[in-house]
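Everything on this sheet refers to the single structure shown next.
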Amino acid sequence: MKKTLLVTLAALMSLHAAPALAENYEVNLTRKSSNVYKVDGKDIIIQTRHCYVYAYSEDAIFKTSGYGGEVIFFDSKDKCDVKAVFGVSEQEPGKYVVTVSREDDDWYEVFGTNSYIKTSSCLSLALGEEAYLTIAPSGFGRLRFKDGDDCMVEAVYTKLRL
């Protein structure tokens, strides 16, 4: 009886200690702005937390798991926590009224959606601010705030599951 209990307990402990499924991807990353890295050759953005690696086409391993992920840079051997991963959204050309909040440098969240706007040299500190988004057929566009700030839009992204 005691032996059966120990075997059962050992089996349960081994199940509990089993590693979660994880995926590893070899990527080349270029830093686009604070905590924003682009996968070279792909329309994929990796958003990190407190990552200060100034990478330009640097080889890295992107590890994902059910609870998050991390990026490990080969050259510097730095590790950075991954907050989210984004893919380009197929946004129809047109004019839109959006409410945006600044997440990071040149990175704005569109309120009420799973969309994010990547801008270039945008200085607006918007926090729940209404703006006008114009998307051209090329996918590029402009984000214009009511105070007159006008920013170039590189792309509109959607959050992907890790």
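Quick one: count up the residues across segment 120-144 that are in a strand (DSSP E or B) and either modelled with pLDDT of 90 or more or among the acidic types (Asp, Glu) (or both). I'd like the intermediate steps shown before the answer.
Taking segment 120-144 first, the residues in a strand (DSSP E or B) are 120, 129-135, 141-144.
Next cut, either modelled with pLDDT of 90 or more or among the acidic types (Asp, Glu) (or both) only: 129-135, 141-144.
Residues meeting the conditions: 11.
Could you please let me know if VAL71 is assigned by TED's automatic domain parsing to the domain that holds LEU125 and of a type outside the set (Asp, Glu)? So that I can check it myself, show each step before the final result.
On the way: assigned by TED's automatic domain parsing to the domain that holds LEU125: no; of a type outside the set (Asp, Glu): yes.
Taking the combined requirement at face value, the residue does not satisfy it.
Go through (1) assigned to a strand (DSSP E or B); (2) surrounded by 15 or more Cβ atoms within 10 Å (Cβ to Cβ) for ILE61 and report which single condition fails.
If we test ILE61 against (1) assigned to a strand (DSSP E or B); (2) surrounded by 15 or more Cβ atoms within 10 Å (Cβ to Cβ), just (2) comes out false.
So is GLU103 at pLDDT below 90, in a strand (DSSP E or B) and not hydrophobic (A, V, I, L, M, F, W, C) or not? Let's see the steps before the verdict.
Values: at pLDDT below 90: yes; in a strand (DSSP E or B): yes; not hydrophobic (A, V, I, L, M, F, W, C): yes.
Yes; evaluated as a whole, the condition is true for this residue.
Only residues that are in a strand (DSSP E or B) and without any contact (Cβ under 8 Å) to a residue 60 or more places away in the chain: list them for segment 145-162, please.
Just the residues of segment 145-162 that are in a strand (DSSP E or B), to begin with: 145, 150-160.
Listed by number, the residues that qualify are PHE145, ASP150, CYS151, MET152, VAL153, GLU154.
For segment 88-95, state whether one or more residues are modelled with pLDDT of 90 or more, of a type in the set (Lys, Arg) and surrounded by fewer than 17 Cβ atoms within 10 Å (Cβ to Cβ).
yes
Here are some residues: THR99, THR134, THR48. Which one is among the hydroxyl-bearing types (Ser, Thr, Tyr) and under 15 Å from the mean Cα position of the chain (by Cα)? Working first, answer last.
Numbers: THR99 fails: under 15 Å from the mean Cα position of the chain (by Cα); THR134 fails: under 15 Å from the mean Cα position of the chain (by Cα).
None of the other options fit; the residue is THR48.
Answer yes if at least one residue in segment 75-87 is under 13 Å from ASN28 (Cα atoms), out of contact with any Cys (no Cβ under 6 Å at 6 or more places or on another chain) and assigned by TED's automatic domain parsing to the domain that holds ASN28, and no otherwise. Break it down stepwise before answering.
So in segment 75-87, the residues under 13 Å from ASN28 (Cα atoms) come out as 75.
Filter again for out of contact with any Cys (no Cβ under 6 Å at 6 or more places or on another chain), leaving 75.
If we keep only those that are assigned by TED's automatic domain parsing to the domain that holds ASN28 as well, we get 75.
The answer is yes, given that some residue of segment 75-87 is under 13 Å from ASN28 (Cα atoms), out of contact with any Cys (no Cβ under 6 Å at 6 or more places or on another chain) and assigned by TED's automatic domain parsing to the domain that holds ASN28.
Go through the residues of segment 108-115 one by one and say whether even a single one is more than 30 Å from THR134 (Cβ to Cβ), of a type outside the set (Asp, Glu), modelled with pLDDT under 85 and out of contact with any helix residue (DSSP H, G or I) (no Cβ under 8 Å at 6 or more places or on another chain). Spell out the reasoning first.
So in segment 108-115, the residues more than 30 Å from THR134 (Cβ to Cβ) come out as none.
Checking segment 108-115: not a single residue is more than 30 Å from THR134 (Cβ to Cβ), of a type outside the set (Asp, Glu), modelled with pLDDT under 85 and out of contact with any helix residue (DSSP H, G or I) (no Cβ under 8 Å at 6 or more places or on another chain).
How many residues, within segment 95-120, are among the small types (Gly, Ala, Ser) and farther than 15 Å from ALA155 by Cβ?
Residues of segment 95-120 that are among the small types (Gly, Ala, Ser), as a first pass: 101, 112, 115, 120.
Going one step further and asking which of them are farther than 15 Å from ALA155 by Cβ, we end up with 101, 112.
Number of matching residues: 2.
The values are calculated or read from the model by the stated rules, or taken from the named source; none is laboratory data. What you are looking at is a predicted structure, and each value in this text was computed from that prediction instead of being measured. When we count neighbours, we look across all protein chains shown, and the Cβ atoms used for this are built from the backbone with ideal geometry, even at glycine.
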